[in-house]
Amino acid sequence: MNHIPIRTTVIGSYPFPGWLEFATQHLDQFGAADIEEMIEDAVIAAIHDQVTAGLDVITDGEQTRLDFNLSFYGFIKGIERNEKETRKFGPPAHDQRGKHNIVDKLQAPSGLGAVKEFERLKKLAPSGPTLKASVPGPYTLSGRLLPNKLYKDRYEITEALLPMISSELESLVKAGCMEITVDEPSMSCYAYKEDTKKFVDIFNRTVKPIVGKCNLSTHLCFGNFKGRPVGYRSIKPMLPDFLDMNVNEVHIEMANREFAEIELLKPFAEKMNVAVGIIDVKNYYIESVDDVVGRIKRCLEFVPAEKLSVAPDCGLSQTARWASRQKLMNMVKGAKKLRESL
C-alpha cells in the first residue's frame, strides 16, 4: 500500500472536552437525542483539532469510549462490573481501572460498537485525511476480566474474545475502513515474562480475515493510566518473535523512553513500516518543531522515510486537550519540514 514519507498519524484516543466529562456524570438528565447530539459534538471537536493540526491520518478521538478498551465490555454479554476488586483511593495506578466478573458464556451478538463509531466519523470528517479505527486486541481486552470456572485463565478468556474481535475487524473493512490499528499494549508490557510466540499466534489469528484488505497496524506501548506506565519498558524481549506479526505497520513508544533502544527499530523496518512515538503524552513539556525535526532525523538513521510514520507515544486521552492540540501541531510542522527537504 502507498505510504506517504514521514506520515503523521495518531493512535486513537483524544482528550474529552471538559463539558463531555461533566455530562457523562449526569447522563440521567439527558434524553437519547441529547446524548447522540453530544456524542456528535465531541467527535466534531476531536476531528477539528486533528484536521487543524494537519494530520495525514485522523480518528474519531474515541469520544464514545470511557476508556480505549473498557467500554467494549458494555457490548459483551456474560460479564458484570466488579467494584470490589478495584482500589479506589491513593496514588493513581492501573489497579484503579475497572474489572469485570464473568457470569456466563462470553458473546457479542451485536458486535463491539467500532463500526458505528467509524460510520459516524465518515459522516462528520472532511475529505482529505485518512480515517482510522482502533480496536483492542483480544489479549489486551482480556486483561480486566477475572478468570472463573468457565474460563480458567487469561488465555482462555483471550480465546473466547478472539472471534469477536476478528468479526468486528471484518465488519470495519466492509464498512469501508482502510486504516485499522489493533491495539495490543498488554503484549508489549508482558513480553518479558510471557511466551512471545504465543502472543504472535494469537495476534495473527485475530487479524487473519483482514490481512491485505486494509492498512493494518498494531500499537505496542508500556501502558498509560493517568500518565503512568505499567510494563517492563524494553523492546528487546519482543524480538525476534514480534517481527512475525502479520501487519503493514508497527507503532512503538519511544519518546517517553528518551529513544532508548532506537537501533531496534531497524529490524522492524526491514519487515514492515514503522510508526514511531516521537511525542511524549506523559509529559507536559510541549515539544518544539525543532525538537520534532531532531527526533525524526534520529529515526531516519534506522527507518527509511518512505516506511516511517510519526505519532504520539500513545493515545492522547490522558493528556489535557490544550497540550494535545499544541503537541500535534508541532509534530506535523516538524514532519512536513523534513518531508519537504527529501
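Here are a few things to note about the model shown:
- With each label modelled as a point 7 angstrom along the Cα→C-beta vector, the Glu40-Asp104 pair spans 3.4 nm.
- Cα pair distances in region 1-145, grouped into 5 Å bins until the bin that holds the longest one, percent each: 2, 8, 15, 18, 19, 17, 12, 6, 3, 1
- In percent, rounded to a whole number, the relative contact order of region 7-341 is 19, using alpha-carbon pairs under 8 Å and six or more apart.
- With the largest listed first and rounded to whole Å, the semi-axes of the equivalent ellipsoid of region 1-57 from the Cα gyration tensor are 31, 11, 9.
- Both the radius of gyration and Dmax for region 191-310 are 14.6, 42 Å, in that order, over alpha-carbon atoms.
- The residues neighbouring Leu239, those whose beta-carbon lies less than 13 Å from its own, together hold a net charge of -1 under the Lys/Arg +1, Asp/Glu -1 convention.
- The translational diffusion coefficient of region 7-341, from Stokes-Einstein at 20 °C and 1.002 mPa s with a Kirkwood hydrodynamic radius over alpha carbon pairs, comes to 106 µm²/s.
- Translational diffusion coefficient (Stokes-Einstein; Kirkwood radius from C-alpha pairs) of region 32-97 at 37 °C, 0.692 mPa s, in µm²/s: 223
- Kirkwood Rh (inverse of mean 1/r, distinct Cα pairs), region 178-239, angstrom: 12.5
- The chain - charge dipole about Cα centre, Lys and Arg +1 at Cβ, Asp and Glu -1, debye rounded to 20: 440
- In region 19-89, trypsin sites (Lys or Arg not before Pro) in a DSSP loop with at most 12 other beta-carbon atoms within 10 Å: Lys84, Arg87, Lys88
- Computed on region 1-151, with alpha-carbon pairs under 8 angstrom and 6+ residues apart, the relative contact order is 27 percent.
- All distinct Cα pairs of region 61-212 go into the 1/r average, and the inverse of that average, the Kirkwood radius, is 16.4 Å.
- Label zone (Lys149, point 7 Å along Cα-to-C-beta; backbone nitrogen cut-off 20 Å) within region 97-136: 100-107.
- Per-pair calculated FRET efficiency, R0 = 30 Å: Thr52 and Lys174 via Cβ, rounded to 0.05: 0.45
- Taking each residue as 0.36 nm, the span from Asp290 to His3 lengthens on full extension beyond its C-alpha to C-alpha distance by 100.9 nm.
Here, each number is a calculation from the coordinates, and none is a lab measurement. If you're wondering where the values come from, they're calculated on a predicted model, not measured in any experiment. Backbone-built Cβ (ideal geometry, glycine too); neighbour counts: all protein chains shown.
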